[in-house]
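The structure under discussion appears below in the form of structure tokens.
The values are calculated or read from the model by the stated rules, or taken from the named source; none is laboratory data. What you see is a predicted model, and the numbers here were worked out from it, not measured in a lab. Every residue, glycine among them, receives a Cβ derived from its backbone with ideal geometry; neighbour counts consider all protein chains shown. To get the accessible areas, we keep the full protein, side chains included, count just its heavy atoms, and leave off ligands, DNA and RNA. Shrake-Rupley method; radii C 1.70, N 1.55, O 1.52, S 1.80 Å.
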Amino acid sequence: MNNSKLFIKIIRALAFSCLLCLGACNYLDVVPEGTGKLENVFTSRETALRYMYSNYSFLQTMDPLQAMEVTGCGELWVPSEPQYPVMNSDGIRIAEGRQSPFVNLWNRWYHIYAAISNCNTMIGGLQTYRMPDLPDWERDQWIAENKVLKAWFHFYLLRQYGPIPIIRENLPISTGMEDVQVPREPADAAFDYIVQLLDEATPYLNSVASSTQDYGRINKTVALAIKAQVLITAASPLFNCNEEQATLKNKDGLQLFAQDKSQENAKWQRAVQACDEALTLCVDELGMKLYEYPGHQNYNLSPVMMQQMTLRQAFCERWSSEVIWAYTKDWVHDLQIRTARSIGTYGWSQNYGIFGVPLSMVEQFYSANGVPVKEDKTWEYDKRYDLRAGTTAENRYIREGQTTARMNFDREPRFYAWMAFDRGVYYGHGFEDDSNPNNLLYVRSRYNEAQGSGAFSINNSSGPCTGYYPKKYVHYKTQGTADQQMGVEVYIWPLMRLPELLLYYAEALNEAEDSPAARDKAMEYVDMIRERAGLEKIADAWKAYSSNSTKYQSQIGLRQIIQQERTIELAFEGKRYWDLRRWKTATEVLNAPVQGWNMAQRDVESYYRPFTIFEQSFGLKDYFSPIPDGELQRNTKLVQNLGWT
């Protein structure tokens, strides 16, 4: 047996013993028996590096086939019990309200505490053992990487469960049961500890990856971006003086959500500083910029298609200029197959097109004038379900002469770049010359049409259940082949892009100071994203087209604009799940029916009628996941989240 296989077996055995210890002792802050042999891991640089990579393996993509964020907030909808087992269904079950302490959907409690324990082991091992082939500077860097990972894992638990037990170091196996029974710590203490870890790590990290082999590893850019995200979350209403959580206390009476209003604004000030520090490194020092498509190597594309390609490839380019951090464990492959619906010359028997974008999400995208469709004075919102045919002037957006809903006309470029819909043009997939738009592909998604429900015999739930699906996930070079296979152009899943950091900064600036100067500065950063998206600046667009022309001049109004901009720019990337919670707007947004077009209809008049798929509901308890009941039984010092008892 070679050394690498032996090492993998050692790591798997250690992981299994850790899980056994977790079941018996409640937390992975206990070093399990036999881990004295871990010193064998720290005998050489190679074995220690492999152990560190095992810690990276605990990171989670937000690909909706594997994670719950995108489907858990109504951003995408799928049949909850598909007959084809192609995805993790926990997200849609959470959206349907099936969560409980006894049915632990997307239960990351044990998994992430195992990750934290491994990080503690790695940090302790590097500090204890000296490897002759590992220089001190690299040892310090690895310790820093594991501190950032440990910070991230604590942050993930904090967002999902609220105040949590903090695992600062592993305890010896001889530790008594009473000492491993640990209570939850206040939310502010958890945020402070996470930031402390990030601050300790940052000086020892490289600013960027030193080679392509290091893509996806923690560097200073990632650490500072995470710090900005952490402090934005700490300052947001869910955690910042949340009166609805004031009664959540430990059994000894310790309050877990601080209610000191005098510190409310200070948290936003800290977030501003963290965002500024991260952007200074990313933009000023490293020269990061928003992605722009360089042009097709064979064709001179129209300005319309160049704009769409800039937006599509900002997400699908393997490592675009705006990717700060990416999930590099897997390529985005199967997601494209499950999203694309028989697009191209050839179909494939398993590209189901399972993800449907609800009408409520479709309406989030701006009009062509760059303002909400409900506010645009020229858009006729009340007639959005009326029908009309595409014209020659629109033939790079909607197939000329084909009829679709007015909702699909006169929308912003991101709508056409990231959304596929009935009779909408679908660039690429073997058809890349747009000089004659009528030669481009277009979607036909009515009943039993190529991209519609029931088109294949797999089952009647194949096809997008709403009539819209997220083109954002599908690389323009991905297409079916003659032998009914799928030629997939793979890419990596971006965990954080530069636009997200720009929007964090804009949000923090607007919240930290209620003044025209603060709003002007905040709008500068939003306008960078709008310019790339082909839209006018906020002030110009609202003054010219919005029925609420002064909206951007108030803190509340600009807050709404920034929040909608995040919803659009980061659509389908797994951000909205956490945003709706930290803003405390989920009770408004997620208590509404999930609707799509009537996918069981073939004739155009019957198809374009809003059809209710599910009556969604969201209550106060749903802001945090329940702690698993089994964990409460093992650790009697834990208290359950409000509403789940």
* Asked: Got a number for residues in segment 366-380 being in contact with a Phe, Trp or Tyr (Cβ under 6 Å, 6 or more places away or on another chain) and aliphatic (A, V, I, L, M)?
  -> 2
* To do: Evaluate the following for L290: is it part of a loop (DSSP other than H, G, I, E, B), open to solvent by less than 40 Å² (accessible area, probe 1.4 Å) and not small (G, A, S)?
  => yes
* Inside segment 321-342, can you point out the residues that are modelled with pLDDT of 90 or more and either of a type in the set (A, V, I, L, M) or in a loop (DSSP other than H, G, I, E, B) (or both)? -> S321, E322, V323, I324, A326, T328, K329, D330, W331, V332, H333, L335
* Are any residues in segment 98-140 more than 20 Å from E631 (Cα to Cα), open to solvent by 40 Å² or more (accessible area, probe 1.4 Å) and of a type in the set (A, V, I, L, M, F, W, C), and if so, which ones? -> W137
* Structure fact -> The correct count of residues that are assigned to a loop (DSSP other than H, G, I, E, B) and not hydrophobic (A, V, I, L, M, F, W, C) in segment 549-604 is 13
* **Matching entry among L59, L149 (being in a loop (DSSP other than H, G, I, E, B), at pLDDT 95 or above, closer than 29 Å to E573 by Cα and not small (G, A, S))** => L59
* Structure fact -> Filtering segment 413-431 for residues that are more than 17 Å from Q451 (Cβ to Cβ) and surrounded by 22 or more Cβ atoms within 10 Å (Cβ to Cβ) leaves a count of 3
* Inside segment 75-91, can you point out the residues that are modelled with pLDDT of 90 or more and either at positive phi or open to solvent by less than 10 Å² (accessible area, probe 1.4 Å) (or both)? -> E75, L76, W77, G91
* If you go through segment 297-304 one residue at a time, do you hit one that is under 24 Å from S435 (Cα atoms), open to solvent by less than 50 Å² (accessible area, probe 1.4 Å), in a helix (DSSP H, G or I) and touching a residue at least 24 places away in the same chain (Cβ under 8 Å)? -> yes
* Asked: Counting just the residues of segment 595-628 that are among the acidic types (D, E) and under 30 Å from L387 (Cα atoms), which one comes out least open to solvent (accessible area, probe 1.4 Å)?
  -> D603
* Structure fact -> Within segment 249-273, restricting to residues that are within 29 Å of the chain's Cα centre (by Cα) and among the charged types (D, E, K, R), the one that is least open to solvent (accessible area, probe 1.4 Å) is K267
* Exactly one of (1) touching an Asp or Glu at 6+ places or on another chain (Cβ under 8 Å); (2) farther than 19 Å from W268 by Cα; (3) touching a residue at least 60 places away in the same chain (Cβ under 8 Å) is unmet by V208. Its number? -> (1)
* Structure fact -> Of the residues in segment 488-546, those that are open to solvent by 20 Å² or more (accessible area, probe 1.4 Å), aromatic (F, W, Y) and in contact with a helix residue (DSSP H, G or I) (Cβ under 7 Å, 6 or more places away or on another chain) come to Y525
* **Residue that is least open to solvent (accessible area, probe 1.4 Å) [pool: residues in segment 195-248 that are of a type in the set (D, E) and farther than 20 Å from N146 by Cα]** => E244
* Among E244, E322, E277, which is touching a residue at least 12 places away in the same chain (Cβ under 8 Å) and within 30 Å of G353 (Cβ to Cβ)? -> E322
* Asked: How many residues does segment 380-401 contain that are on the phi > 0 side of the Ramachandran plot and either open to solvent by 60 Å² or more (accessible area, probe 1.4 Å) or modelled with pLDDT under 95 (or both)?
  -> 1
* To do: Might you let me know whether segment 24-39 holds any residue that is loosely packed, with under 12 Cβ neighbours inside 10 Å, outside any loop (DSSP other than H, G, I, E, B), at pLDDT 50 or above and of a type outside the set (K, R)?
  => yes
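Condition check ((1) over 26 Å from the mean Cα position of the chain (by Cα); (2) closer than 18 Å to Y476 by Cα) across all residues:
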{"position": "Y416", "(1), (2)": "no, yes"}
{"position": "F421", "(1), (2)": "no, yes"}
{"position": "V425", "(1), (2)": "yes, yes"}
{"position": "D433", "(1), (2)": "yes, yes"}
{"position": "N438", "(1), (2)": "yes, yes"}
{"position": "L441", "(1), (2)": "yes, yes"}
{"position": "Y447", "(1), (2)": "yes, no"}
{"position": "S453", "(1), (2)": "yes, no"}
* Structure fact -> Counting only strands (runs of 3 or more DSSP E) wholly inside segment 343-454, the ones holding at least 2 residues that are within 25 Å of L535 (Cα to Cα) and of a type in the set (A, V, I, L, M) are 419-421
